[in-house]
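Peer 1: Right, I'll just put the structure down here and ask away after.
Just so it is clear, none of the values below were taken in a lab; they were calculated from the coordinates. The structure presented is a predicted model; accordingly, all values stated were derived computationally and were not measured. Methodologically, a virtual Cβ is constructed for each residue, glycine included, from the backbone with ideal geometry; neighbour enumeration extends over all protein chains shown.
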Amino acid sequence: MDIERIRQQFPVFSIPTLKDSVFFDGAAGTQMCKSALDASVRSAIEHNANLGGHFSTSTLARQEIDRARCAAAALVNANCAEEIVFGHNMTTLTFHLSRCLGRSLRKGDEIVLTRSDHEANISPWLELAKDLELSVRWLPFDSQTYGFDISEIESSITERTKIVALSYANNITGTINDVALVAALARRKGAIVYIDAVQFAPHGVIDVQALGCDFLVCSSHKLYGPHHGILWGRLEVLEALIPYKPRPTSDSPPYKLETGTKSREAIAGILGAIDHLAWIGREFGGASEQSDKRQQIVAGTRTVVEHEQGLVQQVLDGLKGFEGIRIYGYCEPSELSRRVPTLSFTLESTPSEVVSQHMAEQGIRLWHGNNFSTETIGALGLDQNDGVVRISLAQYSSQDDVQRFLSALDRFSCPASHRPHRR
């Protein structure tokens, strides 16, 4: 993959004050690609109208949303576009859907959560459990795999379990969890399976048919698009849901779950972001112009993953050269396929916030703290406020970016007794 051609698709790199920045903050939100930006602006200018009218701008707006649904369906391998629900963000979608599912639950029913999840896939279910007096069971964190503990599945999911909510990839350790295995057991017990794929979606091929889940949610702003959420739901499950909605809203999915006026420009940007991934598949992944959208997306994703894994290995090789550093997650070359390119570490006797501030001064954008994964941080025995230093690689990340980061760590300005030294 030609990194310079990739960067040409991101206008941020043409801004004089930003072009030399290192963007290692993608796990919290990637930069927007040109096709997503162009689509959003075009939508806001050329067909800025609400839906349902017979006039041209309303018709064009509806057609673009329909195309975006088809593209999102291709992204996750849905059976049809009607299985795609758009919403403000993943957290809002999860709160909304939890309430809808709660209408069929009764006191004493069980929800299974994991200690390996982002809070957005924990708090909505905890709030539901509190309101309806449901029981909550937890899949514990596994310090060997840096994800949830597979060995506890059989005892955690029972005949009383109604919902299992879990993450596809941990946003602290980068571990890709075996969600298909959990989904298979949960569905045998008659439970609904809800997967948070926010961290996995930019770094792996999603196939909801193979996963066997009932719902899967991800975020456009971590897929090089605008701030908006994408929810896939199995059609028969969506049809059975009794949503909270205005009375005039359609009773058919996906519309019954999309309350109020849609962010049409954001949805247009989602289409642009997925088109960008398909473009990578054609340009670098071997997909042809005649290939369908799904094939192009898969080819593009695999090309990006190969690029990112090479950078992950470069980062890990560099980090291992420092004393006083602890890396959380898979580190061996043979294990790279079991993680996404999100890496977290701590420096002995050095607050993560100090490292983060130093990196910001060097033009290196990364995150520190708990990153809204309080359960994982707690399981790792770390301070909830200071947490970890987290870097996350993206398709526009380069070998030079990695080297700048490692050099900045090497020059870390702190007392000599706290400074990480090359081994």
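Peer 1: Between the DSSP loop rule and a limit of at most 14 other Cβ atoms within 10 Å, which chymotrypsin sites (Phe, Trp or Tyr not before Pro) in segment 14-119 are left?
Peer 2: Of the chymotrypsin sites (Phe, Trp or Tyr not before Pro), the ones in loops of segment 14-119 whose Cβ has at most 14 other Cβ atoms within 10 Å are Phe55.
Peer 1: Provide the per-residue ³J(HN,Hα) series for segment 268-277, in order, calculated from phi with Karplus coefficients 6.51, -1.76, 1.60 and θ = phi - 60°, each as a whole number of Hz, with x at glycine and proline positions.
Peer 2: 4, x, 4, 4, x, 5, 6, 4, 4, 5
Peer 1: I need Lys189, Lys222, Lys162 ordered by Cβ neighbour count within 10 Å, fewest first.
Peer 2: Lys189, Lys162, Lys222
Peer 1: State which entries of Lys222/Lys256; Lys222/Lys293; Lys189/Lys222; Lys34/Lys293 exceed 24 angstrom in Cα-Cα distance in the structure shown.
Peer 2: Lys222/Lys256; Lys189/Lys222
Peer 1: Let's test the formula: R0 of 51 Å, r as the Cβ-Cβ distance of Cys80 and Gln8. What FRET efficiency results, to the nearest 0.05?
Peer 2: FRET efficiency, Cys80 to Gln8: 0.90.
Peer 1: Then there is this: Express in nm, to one decimal, how much length is gained between Ala360 and Glu348 on full extension, taking 0.36 nm for each residue of separation and deducting their alpha carbon distance.
Peer 2: 2.3 nm
Peer 1: To continue, here is another question. Could you list the residues of segment 379-406 with an amide nitrogen less than 16 Å from a label point located 7 Å from the Cα of Arg326 in the Cα-to-C-beta direction?
Peer 2: 379-390
Peer 1: Right, another one. How do 317-330, 244-257 rank on mean C-beta neighbours within 10 Å, highest first?
Peer 2: Packing order, densest peptide first, comes out as 317-330, 244-257.
Peer 1: Taking amide hydrogens as modeled 1.01 Å from N in the peptide plane, which residues meet the under 5 Å criterion relative to Val136, leaving out close sequence neighbours?
Peer 2: Answer set, sorted by chain and number: Ile111.
Peer 1: Using the 10 angstrom Cβ neighbour count as an exposure proxy, how do Asp38, Asp149 rank, fewest first?
Peer 2: Asp38, Asp149
Peer 1: Using the Karplus curve 6.51 cos²θ - 1.76 cosθ + 1.60 with θ = phi - 60°, what ³J(HN,Hα) values do you get for each residue of segment 85-101, in whole Hz, with x for Gly and Pro?
Peer 2: 3J(HN,Hα) across segment 85-101, in whole Hz: 10, 9, x, 4, 6, 4, 4, 5, 4, 5, 4, 4, 5, 4, 5, 5, 5.
Peer 1: Using a Förster distance of 25 Å, how high is the FRET efficiency between Asp410 and Gln384, based on the Cβ-Cβ distance and rounded to 0.05?
Peer 2: Rounded to the nearest 0.05, the efficiency is 0.30.
Peer 1: Below 13 Å, Cα to Cα, which aspartates and glutamates can Lys130 reach? Residues fewer than 8 away in the same chain don't count.
Peer 2: Output for Lys130: Asp109, Glu110.
Peer 1: Taking only DSSP H segments of four or more residues, each worth -39500 (n - 2.57), what value at 222 nm results for the chain once the sum is divided by all its residues, to the nearest 500 deg cm²/dmol?
Peer 2: Calculated from helices alone, the mean residue ellipticity at 222 nm is -11500 deg cm²/dmol.
Peer 1: Mind sorting Ile192, Ile3, Ile267 by how few other Cβ atoms lie within 10 Å of their own Cβ, fewest first?
Peer 2: Ordered from fewest to most neighbouring Cβ atoms within 10 Å, Ile192, Ile3, Ile267 come out as Ile3, Ile192, Ile267.
Peer 1: When the Cα centres of segment 222-287 and segment 53-131 are compared, how far apart do they sit, in Å?
Peer 2: What the calculation gives is 9 Å, centre to centre.
Peer 1: Counting Lys and Arg as +1 and Asp and Glu as -1, what is the net charge of the other residues whose Cβ lies under 9 Å from the Cβ of Thr158?
Peer 2: Its environment carries a net charge of +1.
Peer 1: Here is a further query. Using modelled backbone amide H atoms (1.01 Å from N, in-plane), which distant-in-sequence or interchain residues come within less than 5 Å of Ile192's amide H?
Peer 2: Placed amide hydrogens put Ile163, Val164 under 5 Å from Ile192.
Peer 1: Also, I was wondering about something else. Where in segment 157-177 does the amide nitrogen come within less than 20 Å of the point 7 Å from the Cα of Ser337, taken along Cα to Cβ?
Peer 2: Residues passing the 20 Å test: 168-170, 174-177.
Peer 1: Here's another thing I want to ask about it. Quick check: from the Cα gyration tensor, does segment 37-274 come out rounded (a/c under 1.5), prolate or oblate?
Peer 2: The shape class here is prolate.
Peer 1: Could you list the residues of segment 90-123 with an amide nitrogen less than 12 Å from a label point located 7 Å from the Cα of His227 in the Cα-to-C-beta direction?
Peer 2: The answer is 90, whose backbone nitrogens lie closer than 12 Å to the label point.
Peer 1: Residue by residue through segment 126-138, what is 3J(HN,Hα) from phi via Karplus (6.51 cos²θ - 1.76 cosθ + 1.60, θ = phi - 60°)? Round to whole Hz and write x for glycine and proline.
Peer 2: 5, 5, 5, 4, 5, 5, 9, 6, 8, 8, 10, 10, 10
Peer 1: Based on the mean of other Cβ atoms within 10 Å per residue, sort peptides 360-372, 197-209 so the most packed one is first.
Peer 2: The most tightly packed comes first, giving 197-209, 360-372.
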